[in-house]
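**Q** Below is the structure I would like to discuss, written out as structure tokens.
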Amino acid sequence: MERVCLDCGARLLGRSDKKFCSDQCRNNFNNRLNRDQNNYVRNVHAQLRRNRRVLADLYDDGHRRLHRDALIALGYNFTFFTHLVETLEGVRWSYCFEYGFREEGPEYIELHKSDSYLEPASGGEQAEEPEL
């Protein structure tokens with residue numbers, strides 16, 4: 001029985017368990033096999049980066065409270081964020097990396113920047129309210 005490369009179909013010589021004729025064919029085959037998963041991760045990561053950039057630009061420009069529509073107009077997607085922090089008082093902050101926001105009523109957003117996520121979390125304690 002003649003063995004052929006799983007990617008290009010070339011005849012294989014050498015080891016009996018060989019599946020590919022070269023590293024390039026092995027890479028092509030595996031990239032094609034994982035393309036859907038990689039595209040999904042790539043798209044989610046792109047949206048997270050976009051969301052972070054929007055929050056960072058607004059925060060760095062001095063905006064701390066703004067209308068919800070301003071974020072949407074800049075391409076912010078409220079579905080994508082990295083983590084939630086709920087304070088002891090029950091205030092919920094949605095973060096995209098170090099930039100976060102909380103809703104002030106149905107129309108306004110308060111922005112916040114935190115560096116605390118860079119340090120390891122201690123066992124099960126609830127976060128304190130972010131300092132503004």
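The values are calculated or read from the model by the stated rules, or taken from the named source; none is laboratory data. Note that the coordinates shown come from a computational prediction; the quantities given were computed from them, not determined experimentally. Cβ coordinates were reconstructed from backbone atoms using ideal geometry, including for glycine residues, and neighbour counts include every protein chain displayed.
**Q** Within the stretch 30-64, count every residue that is hydrophobic (A, V, I, L, M, F, W, C) and either over 17 Å from THR82 (Cα atoms) or in contact with a Ser or Thr (Cβ under 9 Å, 6 or more places away or on another chain) (or both). Write out each step before concluding.
**A** Initially, the stretch 30-64 is screened for residues hydrophobic (A, V, I, L, M, F, W, C), giving 33, 41, 44, 46, 48, 54-56, 58.
Filter once more, keeping what is either over 17 Å from THR82 (Cα atoms) or in contact with a Ser or Thr (Cβ under 9 Å, 6 or more places away or on another chain) (or both): 33, 48, 58.
Of the residues in that region, 3 qualify.
**Q** Let me ask something else. Residue under question is ALA46, and the condition is that it be closer than 16 Å to GLU110 by Cβ and in a helix (DSSP H, G or I); does it hold?
**A** no
**Q** Go through the stretch 36-60 and count every residue that is loosely packed, with under 15 Cβ neighbours inside 10 Å and of a type in the set (A, V, I, L, M).
**A** Residues in the stretch 36-60 being loosely packed, with under 15 Cβ neighbours inside 10 Å and of a type in the set (A, V, I, L, M): 3 in total.
**Q** Mind listing just one residue for me: the one in the stretch 61-109 that is among the polar types (S, T, N, Q) and surrounded by 14 or more Cβ atoms within 10 Å (Cβ to Cβ) and, of those, farthest from the chain's Cα centre (by Cα)?
**A** THR87
**Q** Just a yes or no: is a residue in the stretch 3-24 part of a helix (DSSP H, G or I) and of a type in the set (Val, Ile, Thr)? Reasoning before the result, please.
**A** Going through the stretch 3-24, the residues part of a helix (DSSP H, G or I) turn out to be 23-24.
From the residues that got through so far, the ones that are of a type in the set (Val, Ile, Thr) too are none.
No - not one qualifying residue is present in the stretch 3-24.
**Q** Would it be correct to say that ASN27 is over 30 Å from MET1 (Cβ atoms), at pLDDT 90 or above and part of a helix (DSSP H, G or I)?
**A** Spelling it out, it is not the case that ASN27 is over 30 Å from MET1 (Cβ atoms), at pLDDT 90 or above and part of a helix (DSSP H, G or I).
**Q** Going by the conditions given, is ARG68 charged (D, E, K, R), in contact with a Leu (Cβ under 7 Å, 6 or more places away or on another chain) and modelled with pLDDT of 90 or more?
**A** No; evaluated as a whole, the condition is false for this residue.
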